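Down below is the structure, laid out as structure tokens.
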Amino acid sequence: MEFPHRPVMVREALEHLLTDPAGVYVDGTAGSGGHSEAIGRKLSEGGRLICLDRDPEAIRITAGRLSFLGKRVDIVKANFSELGDILAARGIETVNGVFLDLGMSTYQLDHSGRGFSFSRDEPLDMRMDPEEGRRASDLLNNLPEKDLESILRKYGEEKRAKAVARAVARRRKKKGSTPPGNSRIS
């Protein structure tokens, strides 16, 4: 089967991460499972791999890709910030290594349908987990201008956050009575 993302620096990651083939390893950002697969192929029968991702599509792809590991792999829909709780729930006190590939994959940009890419017209969702939180379009359409400015400045590192927030607020005011999807930000 062809998988949507080719991991980079696999050899280097394994060289520094995998110290004991019978150890417990975590891929905190499994994505489509490329690094996880490489780790899994180096584990002995006593090894264990725990894969986390927030994206339900990534979980689906990773589960298929890692099926060869059987009970030696746990694939969990979660944020890596929840790792302590996830390990505790499994009775795991220590791990041999944790891998994090921070950032977005090309697959997420090109195929998510969640508004991560500028190259297509699609809903402005922008959530890694479409089952949690509020869509970006909801925030743009409903947040007070000051709150929007704060988000743009803090999370988007937008130098012109005030001007952008003001322009969004003007657009909302001008188009406020039109159904969502027509002229409101969607």
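The values are calculated or read from the model by the stated rules, or taken from the named source; none is laboratory data. This one's a predicted model, so the numbers in the text were calculated from it and none came from an experiment. Neighbour counts are summed over all protein chains in view; Cβ atoms, including those assigned to glycine, are modelled from backbone coordinates with ideal geometry. Quick note on the areas: whole protein, heavy atoms, side chains included, nothing else; ligands and nucleic acids left out. Shrake-Rupley method; radii C 1.70, N 1.55, O 1.52, S 1.80 Å.
Quick notes
- Region 55-68, residues that are touching a helix residue (DSSP H, G or I) at 6+ places or on another chain (Cβ under 9 Å) and either modelled with pLDDT under 95 or more than 22 Å from Met9 (Cα to Cα) (or both): Asp55, Glu57, Ala58, Ile61, Thr62, Arg65, Phe68
- Any hit, region 123-144, residues being under 24 Å from Gly23 (Cα atoms), open to solvent by 40 Å² or more (accessible area, probe 1.4 Å) and either at pLDDT below 90 or out of contact with any Cys (no Cβ under 8 Å at 6 or more places or on another chain) (or both): no
- Positions within region 150-172 being open to solvent by less than 80 Å² (accessible area, probe 1.4 Å) and over 24 Å from the mean Cα position of the chain (by Cα), in sequence order: Ala161, Ala163, Val164, Ala165, Ala167, Val168, Ala169, Arg172
- Verdict on Ser119 being modelled with pLDDT under 90, within 22 Å of the chain's Cα centre (by Cα) and open to solvent by less than 40 Å² (accessible area, probe 1.4 Å): no
- Matching residues, region 7-60, being surrounded by fewer than 14 Cβ atoms within 10 Å (Cβ to Cβ) and either of a type in the set (S, T, N, Q) or touching a strand residue (DSSP E or B) at 6+ places or on another chain (Cβ under 8 Å) (or both): Thr19, Ser44, Pro56
- Every pair of residues 6+ apart whose Cβ atoms lie under 8 Å, when the first sits in region 8-20 and is within 11 Å of Gly34 (Cβ to Cβ) and of a type in the set (Phe, Trp, Tyr) while the second is modelled with pLDDT of 90 or more and open to solvent by less than 70 Å² (accessible area, probe 1.4 Å): none
- Residue within region 40-53 that is modelled with pLDDT under 95 and of a type outside the set (Val, Ile, Thr) present: yes
- Any chance Ala22 is out of contact with any helix residue (DSSP H, G or I) (no Cβ under 9 Å at 6 or more places or on another chain) and hydrophobic (A, V, I, L, M, F, W, C): yes
- When residues of region 12-40 are limited to those that are touching a Leu at 6+ places or on another chain (Cβ under 9 Å) and of a type in the set (Asp, Glu), the one nearest to Ser67 (Cα to Cα): Glu37
- Taking the listed residues Thr94, Thr29, the one that is assigned to a loop (DSSP other than H, G, I, E, B), over 20 Å from the mean Cα position of the chain (by Cα) and touching a residue at least 12 places away in the same chain (Cβ under 8 Å) is Thr94, with no other qualifying.
- Positions within region 33-81 being part of a helix (DSSP H, G or I) and on the phi > 0 side of the Ramachandran plot, in sequence order: Gly70
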